[in-house]
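See structure below.
What follows draws every value from the coordinates through simple rules; no lab data is involved. Because the structure is predicted, anything quoted here is derived from the model rather than measured. Note that each Cβ is placed from the backbone with ideal geometry, even for glycine, and that neighbours are counted across all protein chains shown.
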Amino acid sequence: MGMQQEQVVRDLISTFDKGWPENLDKTMSYIAENAVYQMAVPVTEPLHGREAIRAEIQSMMDNYRSNRSTILAIGSGGNHVFTERLDEALTDQGWLQIPLVAVFELNSDNLISGWREYMDMASVIKQQGVEKLTVIGGFDVLKS
């Protein structure tokens, strides 16, 4: 059963692997209606529901010129799939490299019901030339 769930996650990530998806409908088809997404645990608050997640992904697309996503490792157990990835976002200053680990939970319909990403925020901040202390005022400082 783990291989089938891993494939769902691979398929989701493949919609981001060579740039932003032209249409978010395919991306969102892997996500349950009542899914919860937390982009940067524990820095950001969880988003609840497919439409809130779609709006967040659209916001990323509006703020970064392009995106690449590469799965470096994947494994599963029970209804969880774990990935190690290298995400890259194209800013005005060039490509930002975002190494991260993500945990996905899948429901009985093999839709993603939980999605949590863990990353080294100091690394992301440093690449953007932002002083670490300015982040205390809000996570939005990371948007270029």
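Some observations on this one:
- Computed extension gain for V101 through K18, at 0.36 nm per residue and net of the alpha carbon distance, reaches 28.0 nm.
- Nonlocal amide H pairs with I31, under 5 Å, H built at 1.01 Å: I112
- The angle between the Cα long axis of helix 50-63 and the main principal axis of the chain comes to about 40°, on a 0 to 90 degree scale.
- Our coupling estimate for region 6-17, obtained by passing each phi through the Karplus curve with A = 6.51, B = -1.76, C = 1.60 and θ = phi - 60°, is 4, 5, 4, 5, 4, 5, 4, 5, 4, 6, 10, 5 Hz, Gly and Pro reported as x.
- Each of D62, D87, D17, D120 was scored by other Cβ atoms within 10 Å of its Cβ. Arranged with the fewest first, they read D62, D120, D17, D87.
- Computed [θ] at 222 nm, helices only, for the chain once each DSSP H run of length n ≥ 4 contributes -39500 (n - 2.57): -8000 deg cm²/dmol
- Approximate spin-label separation R68-Q4, in nm, with each point projected 7 Å along Cα-to-Cβ: 3.4 nm
- Equivalent ellipsoid semi-axes - Cα gyration tensor, region 2-142, angstrom: 25, 16, 15
- Choice from S59, S108, S29 with maximal GNM fluctuation in the chain (Cα, 10 Å cutoff): S108
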